[in-house]
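This report refers to the structure that appears directly beneath it.
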Amino acid sequence: MSENKEPEYPPNHKVGMIVPLNGSDCKKCEYWGGAECSNKYFRQWNNRSGKIPTTPDRYCCDFFDVKK
């Protein structure tokens, strides 16, 4: 994604969703701070909130980036 372009999605696109255990998930993501997601695009999509709808080992979104 270009640094200067905001992400755009079709109306039926799911930016975040519940995922199977042991795959990519918030708990393994660079933006997960232990209580909320700090990714600005996730927060914009999620009504300015970093809260996720389930446990961090069961949720992932398009903005996942492996924790370093």
| Pick the calculated Rg/Rh (Cα atoms, Kirkwood Rh) for this structure from [x] 0.99; [y] 0.97; [z] 0.95? | [z]
| task | Sort the range 9-48 into rounded, prolate or oblate with this rule: let a ≥ b ≥ c be the square roots of the eigenvalues of the Cα gyration tensor; rounded if a/c is under 1.5, and if a/c is not under 1.5, prolate when a/b is larger than b/c, oblate otherwise. | result | oblate
| query | When the chain is fully extended, how far beyond the present Cα-Cα distance does residue 55 get from residue 9, taking 0.36 nm per residue of separation? | reply | 14.1 nm
| Placed amide H near residue 59: partners under 5 Å, 5+ positions off or other chain | 19, 26, 27
| request: Once you have the Cα-Cα distance between residue 18 and residue 47, take 0.36 nm times their residue separation minus that, and quote the gain in nm to one decimal. | output: 8.6 nm
| request: Find the lysine pairs in the chain meeting two conditions, Cα atoms under 20 Å apart and a separation of 8 or more places or different chains, and report how many there are. | output: 18
| What does the charge count near residue 66 come to, summing +1 for each Lys or Arg and -1 for each Asp or Glu among other residues with Cβ under 9 Å from its Cβ? | +1
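Where a number appears in this text, it was derived from the coordinates with a stated rule and is not lab data. Just so it is clear, the model here is predicted, and its values are computed rather than measured. Using ideal geometry, Cβ is built from the backbone for each residue, glycine included, and neighbour counts are taken over all protein chains shown.
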